[in-house]
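Notes to accompany the following structure.
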Amino acid sequence: MKFYIILCICCLYVLQGVGQEPDGRNTLIRSEGTSVLVRIVPPWGYTRIGVKEGSFGEYLRNLPLRSHGSRVHYFDGGEKRNRKVYCAVVDLDIGNRDLQQCADAVIRLRAEYLYHRKAYDKIHFNFTNGFRADYTKWAEGYRISVKGNRVSWYKAKEEDYSYPTFRAYLNVVFAYAGTLSLAKELVPVSIDAMQIGDVFIQGGSPGHAVIVIDMAIDKVTGNKLYLLAQSYMPAQDIHVLNNLQNGNISPWYDLKSTGRVMTPEWTFVTGDLKRFKD
């Protein structure tokens, strides 16, 4: 019985915010936590919104994190200089090429979720020129030929759904997709209807994209908060963003804020919010 009571208290502690200590120290980061869910606590009065078991939202909320204090590194091993940008680093490889940048990180998270759910037929992304790259086609042994603006499939290997083959597929997508193509694939969504997994995106050269990885709500007022993650240029570890505009709730962002959404390295507008179709 004693163990059960302690377990219940711990669960409540994770789901409900704890606010700040009397001396003003931020208590929203739990250094021992190894996932977004456990590491980052909502402010006092807020609880995490419910998510369906097996959903994209549940996957993002439970993203594994490297140990507290870990630094963001570039694909070549260099270190991101501005440490104020982020509060946590997602424990996911980035490869050794300058490929997994901002839109690519969003693609990576969506693809990883679908791959581990074995929803292979839902893994498909468009190149900037409009070519649709289906993972199932790649896994069947076909490869992609790119000659200028002409893109086509050709048979090259035997069927293989292994993870290394999946990662090779993603590297090709990263090379030929970007914010322009991803922005066209996603559908606009009202800021008031935000869900975990939605994306703030501005298509362009370079453009930028960040993804909502968790949300919390004050059940008394109905106000909502959200967390954001990104990669950037050059290719670098996916990291959870701080809110440099409001240190009292950082790394959470307030949904009631209208107009601009100011992240540490990019400014979006609420109309930039989009969602994967399926």
*Taking the options 163, 120, 113, name whichever one is hydroxyl-bearing (Ser, Thr, Tyr), closer than 19 Å to residue 229 by Cα and out of contact with any Cys (no Cβ under 7 Å at 6 or more places or on another chain).*
113
*Which residues, taken from the stretch 173-205, are within 14 Å of residue 105 (Cα to Cα) and surrounded by fewer than 17 Cβ atoms within 10 Å (Cβ to Cβ)?*
175
*Looking only at the stretch 231-278, which residues are open to solvent by 50 Å² or more (accessible area, probe 1.4 Å), over 25 Å from residue 43 (Cβ atoms), assigned to a loop (DSSP other than H, G, I, E, B) and out of contact with any Lys or Arg (no Cβ under 8 Å at 6 or more places or on another chain)?*
233, 277
*Could you give every pair whose Cβ atoms fall below 7 Å, whose first residue belongs to the stretch 250-278 and is free of Cβ contacts under 8 Å to residues at least 40 places away in the same chain, and whose second residue is not β-branched (Val, Ile, Thr) and not in a strand (DSSP E or B), counting only separations of at least 6 or pairs across chains?*
253/243; 254/246; 256/223; 262/245; 269/259
_I need the full set of residues from the stretch 1-55 which are at pLDDT 50 or above, in a helix (DSSP H, G or I) and not hydrophobic (A, V, I, L, M, F, W, C), in order please._
39
*In the set 161, 154, which member is touching a residue at least 24 places away in the same chain (Cβ under 8 Å), over 15 Å from residue 99 (Cβ atoms), over 21 Å from the mean Cα position of the chain (by Cα) and loosely packed, with under 15 Cβ neighbours inside 10 Å?*
161
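Residue-wise test of (1) touching a residue at least 60 places away in the same chain (Cβ under 8 Å); (2) under 24 Å from residue 183 (Cα atoms); (3) surrounded by 19 or more Cβ atoms within 10 Å (Cβ to Cβ).
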| site | (1), (2), (3) |
| --- | --- |
| 59 | no, yes, yes |
| 64 | no, no, no |
| 68 | no, no, no |
| 71 | no, no, no |
| 77 | no, no, no |
| 119 | no, yes, no |
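The values are calculated or read from the model by the stated rules, or taken from the named source; none is laboratory data. Since this is a predicted model, take the numbers as computed values, not measurements. Neighbour counts are summed over all protein chains in view; Cβ atoms, including those assigned to glycine, are modelled from backbone coordinates with ideal geometry. These accessible areas exclude ligands, DNA and RNA; they are computed on the full protein's heavy atoms, side chains included. Shrake-Rupley method; radii C 1.70, N 1.55, O 1.52, S 1.80 Å.
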